[in-house]
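Worksheet: the structure to be examined is printed underneath.
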Amino acid sequence: MKHLIILGDGMADEPLEDFGGKTPLQMAQKPNIDWLAKNGQTGRLATDPETMHPGSEIANMAVLGYDVEKV
């Protein structure tokens with residue numbers, strides 16, 4: 001079985017007054033991402049151990065299966 005993981009690293013942002021309280025991602029035209037979200041399986045996963053600083057370098061390694069506390 002094959003899997004495709006699309007990791008939206010860096011997609012989180014704060015709502016902006018200039019966008020009427022929406023985030024840049026909410027304002028963007030993104031038909032392919034919208035299609036994948038509608039037709040694929042989506043979910044959330046906590047990847048950063050509570051003992052470590054949350055960040056891309058930790059989370060991305062965890063998603064790939066590394067034991068980040070050992071590596």
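The values are calculated or read from the model by the stated rules, or taken from the named source; none is laboratory data. Not measured: the values here are computed from a predicted model. Virtual Cβ from ideal backbone geometry, glycine too; neighbours counted across all protein chains shown. Note: accessible area is taken over every heavy atom of the protein model, side chains too, but ligands, DNA and RNA are not part of it. Shrake-Rupley method; radii C 1.70, N 1.55, O 1.52, S 1.80 Å.
Things to note:
- Integer Hz, Karplus 6.51/-1.76/1.60 couplings in order for segment 63-71, x for Gly and Pro: 4, 7, x, 6, 7, 5, 6, 8, 7
- Carbon/sulfur fraction of accessible area - the chain, other protein chains in place, 1.4 Å, %: 54
- Debye log10 I(q)/I(0) at q = 0.14 Å⁻¹ for the chain, Cα point scatterers: -0.62
- Value of relative contact order over the chain, rounded to a whole percent, pairs C-alpha under 8 Å and six or more apart: 16
- Computed over protein heavy atoms with a 1.4 Å probe, the accessible surface of the chain works out to 94 Å² per residue.
- The H on the amide N of residue 22, modeled in the peptide plane, is under 5 Å from the matching H of 16, each at least 5 residues off or on a different chain.
- Ordering 1, 41, 27 by Cα displacement along the dipole of the chain toward the positive end leaves 1 in first place; charges were set at the Cβ atoms of Lys, Arg (+1) and Asp, Glu (-1).
- Remark: the residue 71-residue 22 segment gains 13.9 nm on full extension, using 0.36 nm per residue and subtracting the alpha carbon distance.
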